[in-house]
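See structure below.
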Amino acid sequence: MIEVNNLHKSFIDKKNTVKALDGMSFTAKDGEITGILGPNGAGKTTCLRTLYGLLTADEGSVMVDGINVLEDPLAVRKRLGIFPDKFGLYERLTAYEQVDYFASLHGMQGAKKKAAIEQIFKDLEMEELAHRKTVGFSQGQRMKVTLAQALVHQPKNFVLDEPTRGLDVMSTRVLRNHLAKFKEKGHCILFSSHVMQEVAALCDRVIIVANGKLAAQGTPQELCDLAGEKLLEDAFVKLIGSDEGVAA
Amino acid sequence: MIQFKALLIKELREAFRDKRALMVALSMGLLAPVMIMVISKVMITESVGNPPIYVQFTGAEYAPKLIEKFEENNILQFANVPEDDKYAWQERSIEVDIPEDFAEKMSEGKAIDVVLRADFGKKASGSPIRRIRSTVNSYSQSIGYKRLLVRGVDVKLLRPIILQEQDTALPTSNAVMVSMFLGMYLLMGAFVSGLSIAIDSSAGERERNVLEMLLCQPVSTLKIVLAKMTCASSISVLSIIIMLTLTTVSVGFIDLTKIGATFSLNAFSIAALLILLVPLCFFATALQLFFSFQAKSFKEAQSTVSMLIMLPAMVPMAIMMIDDKPAWVNWLPISGQSMLMEDVFKGLPVDWTVLASTTAMTIGMTVALVMMLAQKLKSEKVVMSLS
């Protein structure tokens, strides 16, 4: 369960001030896949970074499973599986070693760790990559390794920032099935994407973000109804374009 | 503990797989004995040997006896210089002018002015000038003594007091040079060996976008800093151990006593040096990490951190210059170690209180740097410069 309450965040430069978050609030519930939609620069990444505790909000709070990120960032991060906006790989390590590294950082060890790593490689269908050094991996292969290291400790909450960019159709499907499986198990999944069909197909609830605040939220169908459009894409454009009383 | 172990293993794995950076890190250690050998060899031939000196004499024909004397001491006429060395001696341009009336004045018992013209500031001219001077002096003295003897005067009357010089400093100036060089080399080793690894694991990771991922994990920044520091420092400790071992082996091949050096690297002095240098390795990497974590890019980190290499080169030099050292110089990192190393090389007993205080100071400053850096890695500024 991820609760975001009235987040405010400004970046103050010498010359200008950018208001990245302006009273953002939403809730991602357990057992649901929550999608965040928003145009570029809407404050999605800033919001997610505040969620990990990398940034401190000027105002408002973030609670993960009832823990305030400001008070105990390490405990919050233990409960999160993070796929960040920008990621890189340790190119001198093999895929297996990287995932092993992140599993250890989450305090796993011994046979349990080994089993978890082997499971995630199997689940994401990347066993043949396991013992290759990651230098020279394709974008999709890199994404998979990053996903594997985000999910190896089976976190209660997933925060995935555009996890499907650069993945081929097969891998996207694998990921979707994987997420659906964890949803069934009662995990909370928050993910941002720019692919409308994917959001429409996968998400139980959609949050639309614009100008640092929540523009609308609901199931994909509810949003279409709200905007009076058939396609989510049209609804999205309409909802962020006009702020005439549609904000929920 | 699991986390720290994982962090450290990952850092070491990366460091040891980056073959080129590792070679650079250890090359200082591998090159040390070669450098020491070459430098000592040059010094030994310079100070002990009596290589020929070629001097441009004018008026050599007026004083054949003096020229003979010069030739006895291997100080030869420029005309005889072998082709290979011609340029070098031309460059040094050492001239001796013998006046036309040399023989005349000699027979009259008047003072004769023989002029020695050379660039006295040049290091290469130092030894030839010294030899020319002593040859002329001894020749002139022997003539003077003979004159007195002929007049029935005891030569001893000329020297009522004889100053007996007893040098208590064990090494001669050349040996000081060798040991100072070795000391500086060890300090440089402590600073340079871990450098590329420290930059790579901080600014390099930031540039490769892996730092953000790491900072999102449930790990305290203190552990991250400690793991990175331990990794880079252990590489420099390794480099210093290689340096010391190889130098010990190679010094065995040179007869250092010829230049008056008495330092021998035995197990005890090696242990003392290691006790001195290991904390310094940690201090150096902490300093490097501190600056390179704050740099915006790999390049920026490289240029800032390279400035730090100046420290081990400049500090011992500065200490050499100060004759009357204030006490606090003993305690500071780098300067304290450098002075203690000098003692070890001179074969003097190690001053344990100084060693303890400088080590404590070094460790204290390292801890402070690590804490500050761990705090900085939590700040937004670091995160913001990630993207």
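No value in this document is a laboratory result; all are computed from the given coordinates. Fair warning: this is a prediction, and the values are worked out from it, not measured in the lab. Cβ: placed from backbone, ideal geometry, glycine included. Neighbour counts: every protein chain shown.
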Please figure out what share of the DSSP beta bridges in chain B is antiparallel and state it in percent, rounded to the nearest 5. 35
Quick one: which residues, 5+ away or cross-chain, put their amide H under 5 Å from the amide H of residue A:215? H built at 1.01 Å from N. A:208, A:209, A:210
Approximate spin-label separation residue A:176-residue B:80, in nm, with each point projected 7 Å along Cα-to-Cβ: 9.8
At R0 = 60 Å, FRET efficiency that the Cβ-Cβ distance of residue B:268 and residue B:120 yields, to 0.05: 0.90
Percent of beta bridges antiparallel (DSSP, the protein assembly as shown, rounded to nearest 5): 50
Projecting each Cα onto the charge dipole of region A:126-248 (Lys/Arg +1, Asp/Glu -1 at the beta carbon, about the Cα centre), which of A:224, A:202, A:178 comes out farthest on the positive side? A:178
Using a simple spin-label model with points 7 Å from Cα along the Cα→Cβ vector, what separation in nm is obtained for residue A:138 and residue B:23? 3.3
Can you tell me the length gained on complete extension of the stretch residue B:300 to residue B:363, counting 0.36 nm per residue apart and subtracting the Cα distance? 20.0 nm
Suppose every Lys and Arg Cβ carries +1 and every Asp and Glu Cβ carries -1, with no other charges. What dipole size does the protein assembly as shown come out with about its Cα centre, to the nearest 20 debye? 900
Determine ³J(HN,Hα), in whole Hz, for all residues of region A:137-153 in sequence, where each value follows from phi through the Karplus function 6.51 cos²θ - 1.76 cosθ + 1.60 and θ = phi - 60°; x replaces Gly and Pro. 5, 6, 3, x, 5, 5, 4, 5, 4, 5, 4, 4, 6, 7, 10, 4, 8
Calculated FRET efficiency for the pair residue A:58/residue B:375, C-beta based, R₀ 30 Å, to 0.05: 0.90
FRET efficiency (residue B:151, residue B:113; Cβ distance; R0 22 Å; to 0.05) is 0.35
Could you give the distance between the Cα centres of region B:28-103 and region B:314-356, to the whole Å? 37
Pair residue B:35, residue A:131: separation of 7 Å Cα→Cβ label points (nm): 4.2
Going through A:14/A:144; A:9/A:181; A:113/B:378; B:69/B:346 one by one, the pairs whose alpha carbons sit over 32 Å apart turn out to be A:14/A:144; A:9/A:181; B:69/B:346
Under 8 Å for C-alpha pairs, at least 6 residues apart: give me the relative contact order for region B:50-158, rounded to a whole percent. 27
Quantify how strongly other chains surround peptide A:98-105 by giving the mean number of their Cβ atoms within 10 Å of each of its Cβ atoms. 5
Give the percent of DSSP beta bridges with both residues in region B:1-148 that are antiparallel, rounded to the nearest 5. 35
For residue A:55, enumerate residues with amide H under 5 Å from its amide H, sequence gap 5+ or separate chain, H modeled in the peptide plane. A:50
Note, ³J(HN,Hα) from phi for region B:234-249, Karplus 6.51, -1.76, 1.60, rounded to Hz, x at Gly and Pro: 5, 5, 6, 4, 4, 4, 5, 5, 4, 4, 5, 5, 5, 5, 4, 5
Name the residues whose placed amide hydrogens come within less than 5 Å of the amide hydrogen of residue B:57, ignoring near sequence neighbours (fewer than 5 apart) on the same chain. B:78, B:96
Residue-wise, which Karplus ³J(HN,Hα) couplings in Hz belong to region A:94-106, taking 6.51 cos²θ - 1.76 cosθ + 1.60, θ = phi - 60°, and x for glycine or proline? 7, 4, 4, 5, 5, 5, 4, 4, 5, 4, 5, 4, 8
Sorted by packing (mean other beta-carbon atoms within 10 Å per residue), highest first, where do B:338-344, A:18-24 land? B:338-344, A:18-24
For the protein assembly as shown, with the dipole built from +1 on Lys and Arg beta-carbon atoms and -1 on Asp and Glu ones, taken about the Cα centre, which of A:119, B:155, A:25 lies farthest toward the positive end? A:119
Let me check against my output: what whole-number percent is the relative contact order of chain B, with C-alpha pairs under 8 Å and at least 6 apart? 22
Let me have the 222 nm mean residue ellipticity of the protein assembly as shown computed from DSSP H runs of 4+ only, each contributing -39500 (n - 2.57), with the sum over all residues rounded to the nearest 500. -17500 deg cm²/dmol
